[in-house]
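First up is the structure itself, then whatever we jot down about it.
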Amino acid sequence: MTQERKCPVAKKCSGCQLSNMTYDQQLEWKQKDVEKLLGQYGTVSTIIRADDPYNYRNKVQAVFRSDRSGKIISGVYQSSRNGIVGIDSCMLDDERADRIITGIKELMRSFKLKPYDEGTERGFLRHVLIRIGKISGEVLVTLVGGTPIFPKKQSFVNALVKRFPEITTVTFTVNRTPEMLMLGDNEEILFGEGYITDELCQKKFRISSKSFYQINHAQTEKLYRYAIKAAQLEKSDILLDAYSGIGTIGIIASDYVKQVQGIEYNAAAVRDAVRNCQMNGLTRNIAFNKGDAGEFLQKKAKLGTQYDAVIMDPARAGADGKFLNALVKVAPKRIVYISCNPASQARDLKTLVKRYKVESIQPFDMFPHTRHVECVVSMSREKA
């Protein structure tokens, strides 16, 4: 059993909304929350807990500021007051990421570099993004400036990589918007390839600074294996991977079906998905399309296209009406709906249960110590 930890800045930070509870109490709270939202559709299975609810985040971001005395601080951004909680370590972050962020802060002092000041528009660094391949061990560091002027750029990067030899690539981008934690449109590669690779369910994936990739690797493996099993895939099946991102689910599922079609709105994610197919030697039975999922499925419905199964994983807002209505028309035999927001999932199920029977509801604790919970609902088509 994992020993409970207490965060000294929990009240100031508010990032871990349930950190005042023991881990078992958190799971009980989340179980009741999912039952309240989805219990009308069937029995909610016991939430699948994390083996280790600490240091699971493989994506870490830290904002940099100067305090009144000129000391450089870094930590968690709070949008409500445009402030930060200065910390050197977080119990959710991969410890390697926190060490690198602290190291960047120390190097900035030695190189006499200052964080960017929005008021005076002086200084350099706004925030840092770090991504870590849990299986590969590869590390991506993205430095986000408020201005394209990066004094002593190469010397700074050389010193950073020398101090942390586990870093495999460093990139630089500029965020000129008022929004914090945004990445710029253009990215300069300062060291390495500009991306890292990682392994998930024995498939390789290329991850860049903007790639959507689940932050809890261990729980993601559990969730994806469960979802693919719940889809009851057969070798003759044609599978639609809706809201496909960088292609993780479709690529993992491709071993079990005749054909996979993916649909994703984000063009950069589609490019990553195509590269990920190539990396895994998949050239024949899988294709990813760029476009709106609802419009894509509406066209398929008009053409009379049939899918045996659909695995859908929309953003927090859920699926739109176009997609849900077209999905009912296309009428695949099985639907597996993955959601990071059971509230929007509950809303969408109202449309789907008109023609589908809910077979199982399985929550996963993907984000321990926070209010968030991931949920997989599997459905089968009722006879017309």
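The values are calculated or read from the model by the stated rules, or taken from the named source; none is laboratory data. From a predicted model like this one, the values you see are computed outputs, not experimental measurements. Cβ placement follows ideal geometry from the backbone for every residue including glycine, while neighbour counts extend to all protein chains displayed.
Of the helices (runs of 4 or more DSSP H) that lie entirely inside the range 212-294, those containing 2 or more residues that are assigned by TED's automatic domain parsing to the domain that holds F364, out of contact with any Phe, Trp or Tyr (no Cβ under 9 Å at 6 or more places or on another chain) and over 29 Å from L183 (Cβ atoms) span 217-230. Among the residues of the range 295-326, the ones that are out of contact with any Asp or Glu (no Cβ under 9 Å at 6 or more places or on another chain), assigned to a loop (DSSP other than H, G, I, E, B) and of a type in the set (G, A, S) come to 3 in all.
Within the range 179-194, if we keep just the residues that are more than 17 Å from R126 (Cα to Cα) and assigned to a loop (DSSP other than H, G, I, E, B), the residue that is farthest from the chain's Cα centre (by Cα) turns out to be G192.
The test for being surrounded by 23 or more Cβ atoms within 10 Å (Cβ to Cβ), of a type outside the set (F, W, Y) and in contact with a helix residue (DSSP H, G or I) (Cβ under 8 Å, 6 or more places away or on another chain) holds for V377. Scanning the range 357-366 for residues that are surrounded by 23 or more Cβ atoms within 10 Å (Cβ to Cβ) and either among the hydrophobic types (A, V, I, L, M, F, W, C) or farther than 20 Å from N216 by Cβ (or both) gives I361, F364. A Cβ distance below 9 Å, combined with a sequence gap of six or more or placement on separate chains, defines the contacts here; from the range 166-186, residues that are closer than 13 Å to S208 by Cβ and without any contact (Cβ under 8 Å) to a residue 40 or more places away in the chain reach residues that are assigned to a strand (DSSP E or B) and of a type in the set (G, A, S) in the pairs T173/G145. No other residue among I252, I246 is closer than 23 Å to S208 by Cα and at pLDDT 95 or above apart from I252. Filter the range 58-73 for residues that are of a type in the set (K, R) and under 31 Å from the mean Cα position of the chain (by Cα); which is modelled with the lowest pLDDT? Per the stated criteria, the residue is R65. Condition test on L143, is it surrounded by fewer than 22 Cβ atoms within 10 Å (Cβ to Cβ), at pLDDT 95 or above and aliphatic (A, V, I, L, M)? Answer is no for this residue. Candidates are the residues of the range 309-324 that are within 13 Å of E295 (Cα to Cα) and buried (at least 16 other Cβ atoms within 10 Å of the Cβ); the one that is nearest to the chain's Cα centre (by Cα) is A319.
For the range 110-122, residues that are surrounded by 12 or more Cβ atoms within 10 Å (Cβ to Cβ) and not acidic (D, E) total 6.
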